[in-house]
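The values are calculated or read from the model by the stated rules, or taken from the named source; none is laboratory data. Being a predicted model, the structure only gives us computed values, none of them experimental. Glycine also receives a Cβ, built like all others from the backbone with ideal geometry; neighbour counts cover every protein chain displayed.
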Amino acid sequence: MPLVDNEKDTSRSKLCGLETYFNKSMTHILGANVFIDGGFDFVVVPLMSPTYRPSLVQQFGSFSIEASLPCARSDLDPMPYLWQDHVIGKISEWIDLDSPDEMVRKDSETAFKQELAWASYLSLQACILPTPKGNSWTNYARCANQFLQEQPKEMQLWLRIPLVKPDGDSVEIYRTPDDYWKIWNSFRLMCDHNSKLLVALDNWSTMPSENSLNSWYGEPVVTFIIHTNSFFTRDGDNPKHLSEGLQKLIAYFLNHFTQIIISEVQLFSESISEVQHNYRNVDAISDEASRRRHLLPHIHYLRSLYQQVGPLSSPLSLQEHLQLAVRDVIQYTSQPFKEILESVFYQRQESDKKIYMMYKSAICQALLDRVPDEKASVITIVLVVVDAGHGALVKTSLQAAKETGRKLKVYAVEKNLNPLPYLYKKCNEKDWKDIVTLVQTDVRYWNAPEKADILVSELLGSFGDNKLAPECLDGAQRFLKEDGISIPSSYTSFLQPVKNANLYNSVKGGGDNILRLETTFNTRMYNVARLAPCQPLFTFTHPKRSVKESNRRYKKLQFVIPDDPESAIVHGFAGYFDATLYKDVHLGTEPSKATPDVFSWEQLFFPLREPICVQRGSTLEAHFWRCCGSTKVGFRSFVVFHRISFHISFLHLYSISCISYFMFSFVESKTGLV
């Protein structure tokens, strides 16, 4: 049964699996561990006998079809849906596709393809691949990539990667935690970042070091494997426990929707006789009663831990549930001058109460600065709301006037036709009547009947200027008085290099790859590694000092990759913004000073065409342009990774990786949409 009985929790992280040994009867394995109160939701088991070798069948076996089958006799006992729902396949550990021994290499490739074909036939959700051996795994990655490319089904491959070098590992090479990340990174590069290739992270140590974990933030870790010997008892008590550090680690993975697998298997057995000995030992305790006594304390402990620290261990608000659903999910950025915005867009934005609290504070200060107390009953402030939508900023402005005791005349300017019925209705209500005038036009081409004292807009995007606030407010500036106030008064975009494999795979895996990799996306990053501090990019100020000042921008940023971890991969850049509404009233998403409790804006994700592997202490140089034309505004980037800095004259010849792309937003021209 799942770790938690909660209908609202539909995440895969509430499912717990058991990695166990090969058994001739899959029905017996499922019955003992999943059904009959076995406690587990699925099992991870070898698909073929551990003693099977293709060359042995050819040499000693009979030539009948039955004898040449490498699978157990009862493999077809369970119904097909049981395989699909409750079994994760495990490719044989002995397989070494890059072995220097030609016989082992041939046997490995034959068995590897047979087992994957068998898993596909059984419609398994996934198969766990053994950890690459030796110094080379080129053929291994080639065969895995061939299967991923040719396999039409959605079966995933989970590459097993240890956090640290396991005890008893027969591999002679000494490997650090960073080496294992490099193995994974090179393997996925050879598989072209295939989204169906994921990580099964295996924790052999009681508690891994912090350094061994840093590399895995932002990676597609689908499952975390802990071994029964990581559990301990206190004072001979039967209940199992885990160390405090391991509890925190499991809590991290649970909250990132990672499944937990408990393993009772000792890996890295070399000889067939040793393998057979292990399986005979397991058969001795394989009856249902013994297995329940042996394993249920472990699952009971994880169930208790999940209820304490799981993703839904505390009640979530409706908004938190909505945010949970869009974590690391890419969404196309809205283009208000090209697209028809839906009603739900306005409703979502206007439900973000914190935004309008900040706007009200800014408008209150502007009204008080504009009109002294002694003239409050005499002077009427002219306020223009740009892009009125459903009228949230109009309502906020009227509330600010009421709180400050100032008189107000409001022009609500809205380009789109669809929100107008709602706005007309509001204009006939008591609070708006005779105060608010509704204008349907593009504010850049509006012939205002009078100059405005205050210009208020909410054209800010996730990157500040990406919804074309500079172009729109420049067009509106002509009807603002010379000493008029613009809210917001300025905004700055920020960039940060990030690692987020799930986002990159989502971008790369859909539709026209090149086109998508030249597009920015809104997202709420969660499983992300932020590789260097944010840096400011472009700043815009309103009202603009000179009408001749262009909105074109260029800036070079240099990000120094910190010493920990030793190496990382950059999948793209995260974009944020920080805006000054008026004086000391700020609003934004830049992490160091983000406005709390604001959910309307996600981050902007700039994917790289090809991810860049960076070393600690190296410099990532990003060139960004904001390009403006008569009908288009877009961003262009050029990324340089300084791998070597020994001599400046050689730097650009031998030590750079360059990625460039365009992203365009569209601006409406006088003749229509372009």
- Counting only residues in the range 96-107 that are in a helix (DSSP H, G or I) and touching a Pro at 6+ places or on another chain (Cβ under 9 Å), the one nearest to residue 54 (Cα to Cα) is identified as 107
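Working carefully through the options 514, 561, find the one that is β-branched (Val, Ile, Thr), modelled with pLDDT under 90 and buried (at least 16 other Cβ atoms within 10 Å of the Cβ). Show your work before the answer.
Details: 514 fails: buried (at least 16 other Cβ atoms within 10 Å of the Cβ).
The unique qualifying residue is 561.
Working only within the range 490-505, note down all residues that are out of contact with any Phe, Trp or Tyr (no Cβ under 6 Å at 6 or more places or on another chain) and within 23 Å of residue 534 (Cβ to Cβ). Give the derivation first.
Keep residues of the range 490-505 that are out of contact with any Phe, Trp or Tyr (no Cβ under 6 Å at 6 or more places or on another chain), which gives 490, 492, 496, 498-502, 504-505.
Selection gives 490, 492, 496, 498, 499, 500, 501, 502, 504.
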- Considering only the range 584-598, state which residues are in contact with a helix residue (DSSP H, G or I) (Cβ under 6 Å, 6 or more places away or on another chain) and assigned to a loop (DSSP other than H, G, I, E, B). 597, 598
- Query: If residue 438 satisfies every condition in (1) out of contact with any Cys (no Cβ under 9 Å at 6 or more places or on another chain); (2) farther than 20 Å from residue 584 by Cβ but one, which is the exception?
  - Reply: (1)
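Taking the options 518, 482, name whichever one is of a type in the set (Asp, Glu), out of contact with any helix residue (DSSP H, G or I) (no Cβ under 7 Å at 6 or more places or on another chain), in the same structural domain as residue 618 (by TED's automatic domain parsing) and more than 20 Å from residue 577 (Cα to Cα). Don't jump to the end; show me each part of the working.
Numbers: 482 fails: in the same structural domain as residue 618 (by TED's automatic domain parsing).
Only one candidate qualifies: 518.
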- Considering only the range 361-397, how many residues are over 44 Å from the mean Cα position of the chain (by Cα) and among the small types (Gly, Ala, Ser)? 2
- Message: Looking only at the range 566-589, how many residues end up being within 17 Å of residue 532 (Cβ to Cβ) and crowded, with 22+ Cβ neighbours inside 10 Å?
- Response: 9
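Let's see how each residue does on (1) within 26 Å of residue 365 (Cβ to Cβ); (2) of a type in the set (Phe, Trp, Tyr):
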| residue | (1), (2) |
| --- | --- |
| 435 | yes, no |
| 438 | no, no |
| 445 | no, yes |
| 452 | yes, no |
| 459 | yes, no |
| 467 | yes, no |
| 471 | no, no |
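What are the residues in the range 415-437 that are part of a loop (DSSP other than H, G, I, E, B) and within 17 Å of residue 450 (Cβ to Cβ), if any?
So the first thing to find is which residues in the range 415-437 are part of a loop (DSSP other than H, G, I, E, B), and the list is 415-419, 428-435.
If the condition is that a residue be part of a loop (DSSP other than H, G, I, E, B) and within 17 Å of residue 450 (Cβ to Cβ), then 434, 435 are the ones that fit.
Going by the conditions given, is residue 478 basic (Lys, Arg), under 27 Å from residue 380 (Cβ atoms) and surrounded by fewer than 22 Cβ atoms within 10 Å (Cβ to Cβ)?
On the way: basic (Lys, Arg): yes; under 27 Å from residue 380 (Cβ atoms): yes; surrounded by fewer than 22 Cβ atoms within 10 Å (Cβ to Cβ): yes.
Yes.
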- Task: Provide a single number: the residues in the range 99-145 that are over 33 Å from the mean Cα position of the chain (by Cα) and surrounded by fewer than 21 Cβ atoms within 10 Å (Cβ to Cβ).
- Result: 11
- Task: Could you tell me which residue of the range 407-423 is surrounded by the most Cβ atoms within 10 Å (Cβ to Cβ), considering only residues that are over 13 Å from residue 439 (Cβ atoms) and more than 37 Å from the chain's Cα centre (by Cα)?
- Result: 408
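Is there a residue being more than 26 Å from residue 520 (Cβ to Cβ), of a type outside the set (Ser, Thr, Tyr) and modelled with pLDDT under 90 anywhere in the range 336-356?
Our first condition is that a residue be more than 26 Å from residue 520 (Cβ to Cβ); within the range 336-356, this holds for 353, 356.
Next, from what is left, pick out any that are of a type outside the set (Ser, Thr, Tyr): 353.
So of that shortlist, the ones also modelled with pLDDT under 90 come out as 353.
Yes; the residues of the range 336-356 include at least one that is more than 26 Å from residue 520 (Cβ to Cβ), of a type outside the set (Ser, Thr, Tyr) and modelled with pLDDT under 90.
Quick check on this structure: which one of 412, 388 is modelled with pLDDT under 95 and assigned to a strand (DSSP E or B)?
Step by step, each of 412, 388 is checked, and only 412 is modelled with pLDDT under 95 and assigned to a strand (DSSP E or B).
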- Message: Go through (1) in a helix (DSSP H, G or I); (2) crowded, with 20+ Cβ neighbours inside 10 Å; (3) not aromatic (Phe, Trp, Tyr) for residue 344 and report which single condition fails.
- Response: (2)
